[in-house]
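Data first, discussion second: the structure below is written as structure tokens.
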Amino acid sequence: EGDLVVSRSGAYSGITTTWDRHEIPTIPGAYMIRFRLENTLNPDYLRYYFNSNVGRRRINRRKKGSGQQNIAGSDLLNMRIPIPSKEEQEKIVAVIDSIESQILINKDYRDSLERFKRGLMQDLLSGKVRTADTNIEVSEHIMQHG
């Protein structure tokens, strides 16, 4: 638990995740790089760093190969990465986790509204819901836009 796992090759090389004991037991294959981290490093901090725009650019510069590009574990080990104190890493992770959680909540809400809209449109287009002889009030603000 808590190891950093990096995709070694292919289109997704460099994509990083953390090993979670709650996941289905898995043995990383040759296409994965698994790092056991020191106690001073928060694996989620490194995951967020490697998956950030800055981290991705830095990893992409280290990829080798013409057809299928690969990243070597030694290249990642030799990268100089900004590492704040463990407490600061945990604060950064907490903020990003909170933002990601809110993004997921908003996406779920958007998806439910889209499903609701599709259902309403289907009811209207099929004639199940009639709008004839209905006095629908439209605000002036909307009327200005046609």
**Prompt:** What is the chain's relative contact order, in percent, from Cα pairs under 8 angstrom and six or more apart in sequence?
**Reply:** 20
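Taking the stretch 1-105, which trypsin sites (Lys or Arg not before Pro) meet the DSSP loop condition and have no more than 11 other C-beta atoms within 10 Å?
Here the sparse-neighbourhood loop sites are Arg21, Arg36, Arg61, Arg80.
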**Message:** Just to confirm, what accessible area per residue do you get for the chain at 1.4 Å probe, in whole Å²?
**Reply:** 76
**Prompt:** Taking the stretch 51-146, how much of its Cα-Cα pair set, in percent, is spaced more than 17 angstrom apart?
**Reply:** 76
**Prompt:** Given a 1.4 Å probe and the protein chains all in place, what does the accessible area of Met32 round to, in Å² to the nearest 10?
**Reply:** 50
**Accessible area of the chain belonging to carbon and sulfur atoms, whole % at 1.4 Å probe** = 54
**Request:** Springs between alpha-carbon atoms under 10 Å, Gaussian network over the chain: tell me which of Val95, Val129, Val54 tops the mean-square fluctuations.
**Result:** Val129
**Item:** Most to least accessible of Ser66, Ser139 (protein chains only, probe 1.4 Å)
**Value:** Ser66, Ser139
**Prompt:** In degrees, nearest 10, range 0 to 90: what is the angle between the Cα axis of helix 86-126 and the longest Cα principal axis of the chain?
**Reply:** 30
**Item:** DSSP loop GluC sites (Glu not before Pro) with at most 15 other Cβ within 10 Å excluded, longest remaining stretch of the chain
**Value:** 39-136
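The values are calculated or read from the model by the stated rules, or taken from the named source; none is laboratory data. The structure displayed is predicted, hence computed values, not measured ones. Using ideal geometry, Cβ is built from the backbone for each residue, glycine included, and neighbour counts are taken over all protein chains shown. All accessible areas refer to the heavy atoms of the entire protein, side chains included, with ligands and DNA or RNA removed. Shrake-Rupley method; radii C 1.70, N 1.55, O 1.52, S 1.80 Å.
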